[in-house]
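Worksheet for the structure shown next.
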Amino acid sequence: MLAAAVVALTVGLVAPLSAQAAAPSGWLHTSGSKILASDNSVYTIKAVNWFGMETSNCAPHGLWSISLDQGMREIASMGFNTIRLPFSNECLAASSTTSINQNLNPTLVSLTPLQLMDVVIARAKAYGLHVILDRHRPDSGSQSALWYTSQYSEQKWIADWTMLATRYLNDPTVIGADLHNEPHDPSCWGCGNAATDWQ
């Protein structure tokens with residue numbers, strides 16, 4: 001039930017349409033078990049992680065040695081069409097990032113992590129790439145088994161996903177949401193314990 005409630009917030013990211021109806025330009029849609037591009041051609045997600053926004057840097061790693069555009073060019077040139085962008089709740093609330101080379105990325109250094117996420121998504125779109133948002137962990141220190149911790153509550157997790165779903169609702173670049181990376185024991189599916197039941 002919990003996961004279903006959050007998924008309902010993000011369902012607009014890949015909208016179901018009939019196979020005959022083309023989606024608006026740039027939007028993916030589904031037909032049966034297939035993901036289709038706006039021209040109804042089959043779209044196969046070929047994704048790469050660009051980690052870093054879930055760490056204490058709160059920025060994609062490597063921006064100390066390459067520009068954001070260079071990274072996007074390299075990802076696209078290798079045949080990927082999607083970036084899985086890990087982030088933490090801590091970084092969404094942070095006011096600054098670190099480890100961005102000012103000479104290579106002068107417009108990025110003064111941004112908040114959330115503003116930087118906006119730019120990453122916009123630049124991905126410019127290179128024909130899509131983005132899957134991955135709430136990788138609550139804080140930048142470590143992965144958590146559950147979707148919440150004593151510091152980052154379930155309500156905060158839901159509020160952050162609601163904010164992101166609202167923020168990117170009308171952007172066809174964002175095609176998915178990984179609600180919580182690798183939930184594991186004591187997380188369960190259908191066990192009936194509200195504190196640990198992922199369902």
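The values are calculated or read from the model by the stated rules, or taken from the named source; none is laboratory data. Keep in mind that what you see is a predicted model, and the values were worked out from it rather than measured. A quick note on method: Cβ atoms are made from the backbone with ideal geometry, for glycine too, and the neighbour counts reach across all protein chains shown.
When Trp147, Trp161 are checked against the criterion of being touching a helix residue (DSSP H, G or I) at 6+ places or on another chain (Cβ under 8 Å), touching a residue at least 40 places away in the same chain (Cβ under 8 Å), among the aromatic types (Phe, Trp, Tyr) and part of a loop (DSSP other than H, G, I, E, B), Trp147 stands alone in meeting it.
The set of residues from segment 97-109 being in contact (Cβ under 8 Å) with a residue 12 or more places away in the chain and of a type outside the set (Val, Ile, Thr) comprises Ser99, Asn101, Leu104, Asn105, Leu108. Picking from residues in segment 129-185 that are hydroxyl-bearing (Ser, Thr, Tyr) and within 20 Å of Gln115 (Cβ to Cβ), the one that is surrounded by the fewest Cβ atoms within 10 Å (Cβ to Cβ) is Thr166.
Scanning segment 169-193 for residues that are touching a residue at least 12 places away in the same chain (Cβ under 8 Å), on the phi < 0 side of the Ramachandran plot and either more than 16 Å from the chain's Cα centre (by Cα) or part of a loop (DSSP other than H, G, I, E, B) (or both) gives Leu169, Asp171, Pro172, Thr173, Leu179, His180, Asn181, Pro183, His184, Asp185, Pro186, Ser187. The residues of segment 20-70 that are buried (at least 19 other Cβ atoms within 10 Å of the Cβ), more than 20 Å from Ala122 (Cβ to Cβ) and aromatic (Phe, Trp, Tyr) amount to a single one, Tyr43. The lone criterion from (1) within 19 Å of Gly176 (Cβ to Cβ); (2) free of Cβ contacts under 8 Å to residues at least 60 places away in the same chain; (3) out of contact with any Asp or Glu (no Cβ under 7 Å at 6 or more places or on another chain) left unmet by Ile121 is number (3). Quick check on segment 115-126. Is at least one of its residues of a type in the set (Gly, Ala, Ser) and in a loop (DSSP other than H, G, I, E, B)? Scanning segment 115-126 turns up no residue that is of a type in the set (Gly, Ala, Ser) and in a loop (DSSP other than H, G, I, E, B). As a summary of the residue check, Asp39 satisfies the conditions (1) under 28 Å from His29 (Cβ atoms); (2) at pLDDT 95 or above; (3) not aliphatic (A, V, I, L, M) except for the one numbered (2).
If the condition is being in contact with a Phe, Trp or Tyr (Cβ under 6 Å, 6 or more places away or on another chain) and under 15 Å from Phe87 (Cα atoms), then segment 148-182 contributes Tyr148, Trp157, Val174, His180. Of the set (1) within 19 Å of the chain's Cα centre (by Cα); (2) modelled with pLDDT of 95 or more, all apply to Ser140 but (2).
Go through segment 27-85 and give me each residue that's part of a strand (DSSP E or B) and of a type outside the set (Ser, Thr, Tyr). Matches in segment 27-85: His29, Lys34, Ile35, Leu36, Val42, Ala47, Val48, Asn49, Met53, Ile83, Arg84, Leu85.
Summed over segment 71-83, the residues that are surrounded by 14 or more Cβ atoms within 10 Å (Cβ to Cβ), of a type in the set (A, V, I, L, M, F, W, C) and farther than 18 Å from Asn101 by Cα give a count of 4.
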